[in-house]
1. Please turn the phi angles of region 174-186 into ³J(HN,Hα) values with the Karplus equation 6.51 cos²θ - 1.76 cosθ + 1.60 (θ = phi - 60°), one per residue in order, whole Hz, x for glycine and proline.
2. Residue by residue through region 57-66, what is 3J(HN,Hα) from phi via Karplus (6.51 cos²θ - 1.76 cosθ + 1.60, θ = phi - 60°)? Round to whole Hz and write x for glycine and proline.
3. Using each residue's phi in region 142-159, evaluate 6.51 cos²θ - 1.76 cosθ + 1.60 at θ = phi - 60° and report the 3J(HN,Hα) Karplus result to the nearest Hz, with x for Gly and Pro.
4. Pulled fully out, how much extra length does the chain show between E94 and E115, if you take 0.36 nm times their separation in residues and subtract their Cα-Cα distance?
5. If you take the beta carbon distance between R185 and L76 as r and set R0 to 41 Å, what does 1/(1 + (r/R0)^6) give as a FRET efficiency, to the nearest 0.05?
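Every number in this text was worked out from the coordinates using simple rules, so none of it is lab data. Since this is a predicted model, take the numbers as computed values, not measurements. Every residue, glycine among them, receives a Cβ derived from its backbone with ideal geometry; neighbour counts consider all protein chains shown.
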Amino acid sequence: MRAVQKQLENETRRRHLWLWALLLVQLLLARDSHADLPADEWPESTSTLDECHDEYALASANASSIYMQSFSSCELTANETKYDLSIDEQMEREQIQLGASTVCNNMQQCDTLDEDLEYFKCMQDNGKRNQQLLMQINYNASSAETRLREDYDAVQQTFVLCTLEAQLVYVNGMRENYEQLLQCRS
């Protein structure tokens, strides 16, 4: 369970680094020009091309920053939900492990018997018990795996929809920025 959490944290870090690199590129393009203006305050159409492009770069960096925050929020929610699901399944896992230990212990009891008749009788009796235990283990494991897979699929679906919404906001913001750039340049 700890390994799953560590893997999810590493995946989140990789994605954050990629998003930070994207934001850094956008900020470098902005070059501190007009840093005191909000992103939606574009220079008048009498502005120079440099002023228009500087504002476009700042507005693009802002859109990238918002996208990065939204994407990170989607990813964090998905990772936390997966971790919570792992914790919820821990009791089921412990019951399965307890059943498996019982099966092994039942068979080991017979190993201590020296007389053949007692040994075979022990194996017969414990074999019947183990058969019931193994059927229960199979049922518990199969049902837990099915539920967990469905839960993970739901988490993945929610994550994809969340990131698609973030992408839509980003693309619309970039489209509006481009339209404002064209207006500024005219």
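1. For region 174-186, the Karplus curve yields 5, 5, 4, 4, 5, 4, 5, 4, 4, 5, 5, 6, 7 Hz.
2. With coefficients 6.51, -1.76 and 1.60, one gets 5, 5, 5, 5, 4, 5, 4, 5, 5, 5 Hz.
3. Coupling constants for region 142-159: 5, 5, 5, 5, 5, 5, 5, 4, 4, 5, 5, 4, 5, 5, 4, 5, 4, 4 Hz.
4. Values: separation 21, 0.36 × 21 = 7.56 nm, distance 3.51 nm.
4.0 nm is the gain from fully extending E94 to E115.
5. Values: r = 39 Å, r/R0 = 0.95.
So, using R0 = 41 Å, E works out to roughly 0.55.
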